[in-house]
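Chemist: Okay, here's the structure, questions in a sec.
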Amino acid sequence: MTINDPMKALDIKNRLGECVIWDARENAVLWTDIESSLFWKWRSPDAEPQSFPLPERLGSFALTDTIGTYLGAFESGFAMFTPSEGKFRLTAAVSAGQKHLRMNDGRVDRHGRFWAATMAERDPVGDEPWGTLWCYDDGETTPSLSGFKIPNSLCWSQNGQVMYFADSPQNTIWRYAFDQEKGPIGDPEIFAKTENGVHPDGSLIDSENHLWNAQWGAGKVVRYRPDGSIERRIELPVSQPSCVAFGGPDLDILFITTARVDLSEEQLADQPLAGSLFAYETDIKGLPEMICQSV
């Protein structure tokens, strides 16, 4: 099955839209424009989207019990922030002082802990995989997996016993056994591979335990069955989708962030909606977004 037509395209021209999340408590979809250091909120479909400036680039974030306050994986590390009030408090300086690193993809696991990974932007010593996956739990940060260039696709199966993770330049989504106490354990299995030039970006698990993945460079979102086979595709009018989230009152609207970064003037002319937030109606329901319990 292939889906082509969105119900809505919010033309906001994000440079690098990412980490889209639905907060049912506010009836709002939230996301970050990493390269513009902006936090976005849209109480769809009737309100105008709002953006809030941030003190540094935000790679990903998690909901907390306090509505409007979030735990973020920022350029320099983990921080609590309330964008509507301009509040920001760095709690764990994971990548501060390491100018070649910033934090990137992150998500809350089924036990309420926030996981996020660093990535290398400017490699100081050759083409080395500097990225590390970190767990943030009650203010403590613990390194887990390491040796990645652009960590992405972080999500968990419905029962929390499988973790999905990708290194985008390797065009592979892996599947790890996941232990509640130890985190990812053992060697990963290959869950899915993408073609050359097609990079797996943000992922999520739906109510049927299928994985949806935004595929950077291919202009599509792919839904994978639990065995890794493709169930359907969504074809977008832009080439760089970056992350996905189910939202709306019935959790049946798929929101997709996209990016304009690194596109030429000619490409932007061919993709006037690059950087938009897209919304697609589906016959699939998502799962409620996990709230971080470890702040």
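The values are calculated or read from the model by the stated rules, or taken from the named source; none is laboratory data. This is a predicted model, so every value here is computed, not measured. Cβ sites come from the backbone with ideal geometry, for glycine too, and all protein chains shown count toward neighbours. All accessible areas refer to the heavy atoms of the entire protein, side chains included, with ligands and DNA or RNA removed. Shrake-Rupley method; radii C 1.70, N 1.55, O 1.52, S 1.80 Å.
Chemist: What full-extension length gain, to one decimal in nm, is calculated for HIS100 and GLU140 as 0.36 nm per residue of separation minus the Cα-Cα distance?
Modeler: Extra length from HIS100 to GLU140 when fully extended: 12.1 nm.
Chemist: Roughly speaking, what is the stretch gain from ALA93 to GLU121, that is 0.36 nm per residue apart minus the C-alpha to C-alpha distance, in nm to one decimal?
Modeler: 8.4 nm
Chemist: Now, a different point. I'd like the per residue volume of the convex hull spanned by the Cα atoms of segment 163-278, given in cubic angstrom.
Modeler: Considering the Cα atoms of segment 163-278, their hull volume per residue is 118 Å³.
Chemist: Evaluated at 10 °C with a viscosity of 1.306 mPa s, what Stokes-Einstein diffusion coefficient in µm²/s does the chain have when Rh comes from the Kirkwood expression over alpha-carbon pairs?
Modeler: Translational D for this selection: 85 µm²/s.
Chemist: Taking R0 as 22 Å, what FRET efficiency do you get between ASP250 and VAL198 from their Cβ-Cβ distance, rounded to the nearest 0.05?
Modeler: Using R0 = 22 Å, I get an efficiency of 0.10.
Chemist: Given Cα pairs under 8 Å that are at least 6 residues apart, what percent is the relative contact order of the chain?
Modeler: This gives 19 percent for the chain.
Chemist: Now, a different point. Roughly speaking, what is the stretch gain from MET7 to ASP227, that is 0.36 nm per residue apart minus the C-alpha to C-alpha distance, in nm to one decimal?
Modeler: Extending this stretch completely gives an extra 76.2 nm.
Chemist: Still on this structure: Per residue, how large is the accessible surface of the chain? Use a 1.4 angstrom probe and give square angstrom.
Modeler: Per residue, the chain has 41 Å² of solvent-accessible surface.
Chemist: While we're here: Would you mind getting the Kirkwood hydrodynamic radius of segment 139-204 from its Cα pairs, rounded to one decimal in Å?
Modeler: After inverting the pairwise mean of 1/r, the radius is 12.4 Å.
Chemist: Once phi is turned into θ = phi - 60°, what whole-Hz ³J(HN,Hα) does the Karplus curve with 6.51, -1.76 and 1.60 give for every residue of segment 54-63, x standing for Gly and Pro?
Modeler: After applying 6.51 cos²θ - 1.76 cosθ + 1.60, I find 10, x, 7, 5, 10, x, 7, 7, 9, 5 Hz.
Chemist: How large is ³J(HN,Hα) for each residue in segment 242-250, as worked out from phi by the Karplus curve 6.51 cos²θ - 1.76 cosθ + 1.60 (θ = phi - 60°), to whole Hz, x for Gly and Pro?
Modeler: 10, 7, 9, 7, 8, x, x, x, 9
Chemist: May I pose another question? How many nm separate the modelled label positions at SER84 and GLU35, each set 7 Å beyond the Cα in the direction of the Cβ?
Modeler: In this crude spin-label approximation the distance works out to 3.0 nm.
Chemist: Continuing with the same structure: I'd like the carbon and sulfur percentage of the solvent accessible area for the chain, probe radius 1.4 Å, heavy atoms only, ligands and nucleic acids excluded.
Modeler: The nonpolar share, carbon plus sulfur, comes to 46 percent.
Chemist: When the Cα centres of segment 237-295 and segment 43-82 are compared, how far apart do they sit, in Å?
Modeler: Segment 237-295 and segment 43-82 have Cα centres separated by 16 Å.
Chemist: Applying the Karplus parametrisation 6.51 cos²θ - 1.76 cosθ + 1.60 with θ = phi - 60° to the phi angles of segment 131-145, what ³J(HN,Hα) value in whole Hz is obtained for each residue in order, glycine and proline being reported as x?
Modeler: Residue by residue, segment 131-145 yields x, 9, 8, 10, 10, 9, 9, 6, x, 9, 10, 10, x, 10, 6 Hz.
Chemist: Using the structure shown, select from LYS149/LYS285; LYS87/LYS220; LYS13/LYS149; LYS149/LYS220; LYS8/LYS182; LYS87/LYS193 the pairs with a Cα to Cα distance greater than 30 angstrom.
Modeler: LYS149/LYS285; LYS87/LYS220; LYS8/LYS182; LYS87/LYS193
Chemist: Using a simple spin-label model with points 7 Å from Cα along the Cα→Cβ vector, what separation in nm is obtained for GLN293 and ARG43?
Modeler: In this crude label model, GLN293 to ARG43 measures out at 2.9 nm.
Chemist: Say each of GLN50 and GLU208 gets a label point 7 Å from the Cα, pointing the same way as Cα to Cβ; how far apart are those two points in nm?
Modeler: 3.6
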